[in-house]
Structures are given as structure tokens and as C-alpha cells.
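Report on one structure; see the data block that follows.
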Amino acid sequence: MKKYLILIVCLAWGCQTRKTPADMIIHGGSIYTMDAAKPTVEAVAVKADTILFAGTLAEAKEYQGDQTSMLDLKGATMTPGFIESHGHIMGVGYNEMNLDLMSVKSYDELVDKVKEAVAKAQPGEWILGRGWHQDKWDKKPEKMVKGFQTHEKLSAVSPDNPVYLSHASGHAGFANAKAMQLAGVNQLSRENMGMEIEGGEIIRDKLGNPTGIFNERAQNLIGKVIPEETEETAARALELAMDACARNGLTGFHDAGASRKSIDLFHKFKEQGKLKSRLYVMITGRDWGLMQDWYKKGPEIDPRSVTVRSIKLNCDGALGSRGAWLLEPYSDRKDTYGMATYPMDSVLKTSQQGLKYGFQVCSHAIGDRANKEVLDRYEIAFKENPGKTDHRFRVEHAQHLHPNDIPRFAQMGVIPAMQAVHLSSDRPWAIERLGEKRIIEGAYMWQTLLRSGAKVINGTDAPVEPLTPIASFYASVTRQTLAGEPEGGYEPAEKMTREQALRSYTLDAAYGAFEEKVKGSIEPGKLADFTIFSQDIMQVSDADLLKTEVIKTILGGKTVYEKQ
């Protein structure tokens, strides 16, 4: 009788402790969690879209049921799902539909690409593209004005088609004669003279002829005559962008400046179940009415699909176009300091309203003056609202800082959202813009910011740079160009460690969107978002790091990409 009682008790106890069967158990490779208590584990169990368990394989098998699938990594490496902390999701999609000029190495090559596009186009059809950067060309054109090429060669191959090609930075554009004609820009158009465009400039030669370069807000002159996108083209662009996120291992994307139409499209994709990456949306500060509408209804928080709780302000230009706003003149063009492209009074007002209505403010600031001015406005707003400390206001890029402003990020709780790959692309020529002293003391100051207590979050600014996070991770830990130069890296004391770089793309990236409790690490209760790499990005040599490929992307426990 006693034996039967023991058996009954044991059976009852077994029923009470039986584990919830997992839908999937992942094992067989290196798994980095970003959980300080368990930095690495052998296996992860997943139920629906949530992590059940992370630990030893033996323990994980306790969650194995009849319907549990076993995913063997076969030596591959898994991390929390990578999060793009600053990009332009619609731009990513349109970049796949239009001319991609990122790889062109000369003005002549750019012209040849446009010539090919003209041959396939109907007369009058617009030809659009993005990605050129004159400072990255192997050969500079014979004729240049203020550091840029002029339109004559471009116009010669496209007499009947308006052409507009955005600079890689997005802060300048290059138009042919036909496009300028449609926009009414010519030698006699005094109302369009660069000096009269607040926050922008039409580059002109000594005779007053427009060269085809439109800097910063002057781009609007061409933009207003480009046909508006249709619902169909926008939907196609977002589909392509979702596919790009999945194949690049991105399970989250912070969209830096969305329009009303784009936000409506994001919601439509959410309803249709077509999102392959979770979106954290910044409302564009260029649409005052849109901002007011969102203030009235308040933030929309859904970390599983679309969150809208921040505002993007474009406060200066880019270094490549000499639009970044500096405290001292450009070293290679002494007549300019760059420019503010958003009124600082409006930065303060938006900061005050953001704190009042519960919206994070994310200000684009590349130059040291832009960073100082933005931090000054943030500081005023914070002092007016001492009880609102978890604001997580951000500075997007924070690329070139005055040494006095570096510690202010941590002191004020402001997040520097930086794109490490910009160093790989820009540093070889950035020294011409800033000079050695400013570069050494304040450019791409990742480690100094981290040591001060700031949380640096990472990304690519796609389509300014290619979307792949591997390049930005590589830049973070090597501070080299993607060609591996120079040996030892630029200003090597500012390198991130591998752990810091991974954190900047996962847990801290989630923190930058108030989502670290549900994303960014592999812990029970968090979303089952994973990126699986072909090799161990925490151990492989610097020289081999760029050979890493994304072989699988898992979003909420479901595979959204698998390399064939």
C-alpha cells in the first residue's frame, strides 16, 4: 500500500513540474545572449513568438514534446536579432527600384549608368537614383565647382529625360538640365539663388549658372516637380525593404523620419501580416500638422509590430555636402560653416512638447555646432521638466563633437545613435573637411562616449550605406575602411570591443526604443527574434569578419529568411 502511495505522489509531482512543450529548440552552435547572467548558452526553447528557456541542452530537452522541432545550428552562431537603430525604410525599398549609384567610382561611370537607363526609358520619363559620393571616386572630374561635379556631361546623355540623383548622404542632389528646366532653375531665376534659400544652396559657377548640385533644403526645388509616388509603388518599395531587412538579419528597424503616408502604409502592412521586421517609427519633424495630430492621440506602442512614439528633427546637413553645421569653418572651404536646417527655437519647442505628450525626440546632428545647439535645447527642456527623467532623447549621428559636449550625453541621459560604418566610408576624406585636430578630439568618439556612461546604438543609415550590419559591426571593432585600411585602424583608442559592438546592435538598440524588456537579449519571456551567422562574429579574426553571412533570420519564432 505504501509503495502505491509513493507512486501516486511521484506521478502527481511529475504532472505539476512538467514543462510547457516548446515549438522549437535551437542548439548546436555558439549562442550569445546579451544576458549578463548567462552570456552564452547551449540551447534556446521557443513557444509561439516567445523565448521559454535559455541554458544547457539537457535542460532545454525537458521542453521537448511530440510536436517540438529541433533546429541544429550545425556550428553556426546565433545572437539576439539585430536592430537597425537609424535607417530610412522607404528609402531602402526605393533604392532597390531606382538607380543604385553606391558603387560608382567616377563621374564618367555615373554618366554611363544614366545613359543605360535613358536607353530603356520613354522620353519625358524621370530617371531617379541615389548613392553617388564625389569624395569616394577614384578619379575627380576635370571641372568642379565648390567640390562638386557639374551637369554638362549628365545632361548631354539625357536631353529628353529629367534626371535627379541623390547624394549618398541624402543631403544633396544632382540634377540635369531637363530637371532644372522643369523646376524653373536657371541663370536668371533670382528667386532661386542659393543665398536666398534658407537652410539650402544651389551651387552655381562664377557666371551664376546652376551646376546641377542642390544642397540641403534647396533640393525641394527639384523635389516639387518629381511626380508623386503612387500607392502601388510605395507598397512595392516597402515589400522590397522588408525582404532586405530579413536577408540582412534585421528583426527591428528604427525608421528615421516617416511621413503620414508611410505611417499609414506601415499600419496596412501590419494588418496584412506582411511585416518582416518590427518597426520603431519616428514622425518627420518636417510635417508640423502630423506632429500635432500625434500629440493629440498620444504614442502608439506595439513592440511586436509598429510603434510610433518619437519625432525626428533634421537639424543640419552632412559632412560630404559640407552641410554639417560646424563651430569653425571647414578646413577645405573656409567660406562656410555648414548650416542649420531646422530652427533651434523649434527644436526647443518640440523638446518641450515631446516631454509633455510622451514622445521621444531624435535630432539629426552631425557637426559639432549642431550637436552643441541641440544638447543646449534639450537641457533647457529637461530643466523645465525635472520629473521626466526617462525621456531617452537621442542625437542621430553625433558624428563630430566638441570635446566639451562629449560628457553631456551621459550626464543628460541622451542617446548617441551612431552609425559605425560612416567611419569606414567617410574617415579617409573627412580629415580634409575637419583637419587633424578636430578629427582626433571629436570625431566618431564611440569608446569615449561609452566610458562616460552613454549608451551608443548602432546602424547604417541605409540607404546612405548598405543595410548589412556586418559592415557596421566590422567598423565598430576595427575602425578601418572595408578594404582593411589603415593597419590598426583610425584613432584605434576609440574602437568598440566585440561585446560593446554586439550590445550596440541588440540590447542597447532596444533600449533606444524603450524596448529592452521585450527585445535585445535571449532571455525567457522576451520575443524570439534571432540572427544566425555563418561564423562566430565574436571570435573570428578581424580580417575574416567581413566574410560573415546571414544564413537565417527568425522573427517571433518564425523563419523569415534562410540563405539558399
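Values in this text are rule-based calculations from the coordinates and carry no lab data. Because the structure is predicted, anything quoted here is derived from the model rather than measured. Glycine also receives a Cβ, built like all others from the backbone with ideal geometry; neighbour counts cover every protein chain displayed.
The C-alpha atoms of region 355-447 occupy a region whose extents along the principal axes are 43, 23, 20 Å, arranged from largest to smallest. In terms of surrounding Cβ atoms within a 10 Å radius of their Cβ, R369, R304, R394 rank from fewest to most as R304, R369, R394. In this simple spin-label model, placing a label point 7 Å from the Cα along the Cα-to-Cβ direction at both A156 and D100 gives a separation of 2.9 nm. In the frame of its principal axes, region 47-130 has Cα extents of 66, 25, 24 Å, reported largest first. From least to most packed, judged by other beta carbons within 10 angstrom and beginning with the fewest, W137, W132, W294 follow the order W137, W294, W132. Between T56 and R260, the contour length at 0.36 nm per residue exceeds the alpha carbon distance by 68.7 nm.
Taking 0.36 nm per residue of separation and subtracting the Cα-Cα distance, full extension of the segment from R236 to K558 would add 113.6 nm.
Kirkwood hydrodynamic radius computed over region 91-223 comes to 14.7 Å, based on all pairs of distinct alpha carbons. Ordering M339, M70, M291, M445 from the fewest to the most neighbouring beta carbons within 10 Å gives M70, M291, M339, M445. What pairs in K388/K519; K224/K296; K105/K552 have C-alpha atoms more than 26 Å from each other? Over 26 Å apart, Cα to Cα: K224/K296; K105/K552.
Think of it as helices only: each DSSP H run of n ≥ 4 in the chain is worth -39500 (n - 2.57), and spread over all residues that comes to -10000 deg cm²/dmol at 222 nm. Kirkwood radius and radius of gyration were both taken over the C-alpha atoms of region 443-509, and their ratio Rg/Rh is 0.95.
Cα convex hull, the chain: 170 Å³ per residue, rounded to a whole number.
Electrostatic bookkeeping for S452 treats Lys and Arg as +1 and Asp and Glu as -1; over the other residues with beta carbon under 12 Å from its beta carbon, the sum is +2. Across all directions, the average flat footprint of the convex hull enclosing the Cα atoms of region 231-330 is 8.4 nm².
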